[in-house]
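The structure appears below as structure tokens.
The values are calculated or read from the model by the stated rules, or taken from the named source; none is laboratory data. Being a predicted model, the structure only gives us computed values, none of them experimental. In this analysis, Cβ positions are derived from the backbone assuming ideal geometry, glycine residues included, and neighbour counts consider all displayed protein chains. Ligands, DNA and RNA are excluded from the accessible area calculation, which covers all protein heavy atoms including side chains. Shrake-Rupley method; radii C 1.70, N 1.55, O 1.52, S 1.80 Å.
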Amino acid sequence: MTIRVLIADDHAIVRSGLGMLINAQEDMDVVGYAADGKEACEKALEIRPNVVLMDLSMPPGENGLTATARLKEAAPDIQVLVLTMHDDEEYLFRVLQAGAAGYILKSAPDLDLIAAIRSVNSGMAYLYPSATKSLIEEFLQMVKNGEEQAKYEILTEREKEVLVLIAKGFSNKEIAEQLTVSVKTVESHKAHIMEKLHLRTRPDLVRYAIKKGWLDFE
């Protein structure tokens, strides 16, 4: 079966280049183009493509993340592959939380993009770079099993506050000042959080907060 693809990107030359690449594949056909998130959602609901190739950084109003979340809510059967310049875990988690099936960098080779489209069309996740794949899949499996929610629920309200402040980059002293407690109390909370969540380092706590969607990177 031919994979029907809708391309959403705010740069006309990018849309054209992607269109030529995708249309050159025997098993793919570009069925539409969109220049922003709003247009992408409208056209996707009208045309019903198999895959939407969604640029993450489109004009304000409705960017790729917002459009992805809205589209997946309205049409869960349409797969979204996010195209972005951002090679950071924070964006990976945000993309997955929005409901996208895949994530690929604009700097990726043509063959990787084609493979990504085929992968998400078949119902599989495609994450790029591949080094992050095991980390994301582990997290998604934990969410599916309810483990992540169960872990968070065992934290006290104060431990939750401390966790978020640590993830936002505040030092133990700064957290102590904000919460009007001693540094030793903050260190104690931190130790309890790590023990309960089975984490070992501050970066682990940051990644955990990112996965929970608590940090705003705008």
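Points worth noting:
- Subset of region 19-54 (residues that are among the acidic types (Asp, Glu) and either part of a helix (DSSP H, G or I) or over 25 Å from ARG94 (Cβ atoms) (or both)): GLU26, ASP27, ASP29, GLU39, GLU42, GLU46
- For region 30-50, a residue qualifies if it is more than 18 Å from VAL82 (Cα to Cα) and either in contact (Cβ under 8 Å) with a residue 24 or more places away in the chain or surrounded by 14 or more Cβ atoms within 10 Å (Cβ to Cβ) (or both), and exactly one does: ILE47.
- Top-ranked residue of region 169-188 - restricted to ones that are within 34 Å of the chain's Cα centre (by Cα) and among the small types (Gly, Ala, Ser), ranked as surrounded by the most Cβ atoms within 10 Å (Cβ to Cβ): ALA176
- Among the residues of region 60-78, those that are farther than 19 Å from ALA12 by Cβ, assigned to a loop (DSSP other than H, G, I, E, B) and open to solvent by less than 40 Å² (accessible area, probe 1.4 Å) comprise ALA75, ILE78.
- Criterion (out of contact with any His (no Cβ under 7 Å at 6 or more places or on another chain), part of a loop (DSSP other than H, G, I, E, B) and not hydrophobic (A, V, I, L, M, F, W, C)) met by exactly one of SER57, SER16: SER57
- Taking the criterion of being touching a helix residue (DSSP H, G or I) at 6+ places or on another chain (Cβ under 8 Å), modelled with pLDDT under 90 and of a type outside the set (Lys, Arg), the only residue of region 69-82 that qualifies is ALA69.
- THR66, sole failed condition from (1) touching a residue at least 12 places away in the same chain (Cβ under 8 Å); (2) of a type in the set (S, T, N, Q); (3) out of contact with any helix residue (DSSP H, G or I) (no Cβ under 8 Å at 6 or more places or on another chain): (3)
- Lone unmet requirement of (1) modelled with pLDDT under 90; (2) touching a Lys or Arg at 6+ places or on another chain (Cβ under 8 Å) for THR132: (2)
- Pairs linking a residue in region 75-89 that is outside the structural domain of SER107 (by the TED database) to a residue that is modelled with pLDDT under 90, with Cβ atoms under 9 Å and 6 or more positions apart or on different chains, do not occur.
- Scan region 32-63 for residues that are on the phi > 0 side of the Ramachandran plot and either outside the structural domain of ILE13 (by the TED database) or out of contact with any helix residue (DSSP H, G or I) (no Cβ under 8 Å at 6 or more places or on another chain) (or both) and the total you get is 1.
- Reported count of residues in region 100-124, each being under 10 Å from GLN79 (Cβ atoms) and assigned to a loop (DSSP other than H, G, I, E, B), is 5.
- Filter result for GLU195 (over 18 Å from the mean Cα position of the chain (by Cα), at pLDDT 85 or above, of a type outside the set (Gly, Ala, Ser) and open to solvent by 40 Å² or more (accessible area, probe 1.4 Å)): no
- Meets criteria (under 26 Å from LYS212 (Cβ atoms), within 22 Å of the chain's Cα centre (by Cα) and buried (at least 18 other Cβ atoms within 10 Å of the Cβ)) for LEU92: yes
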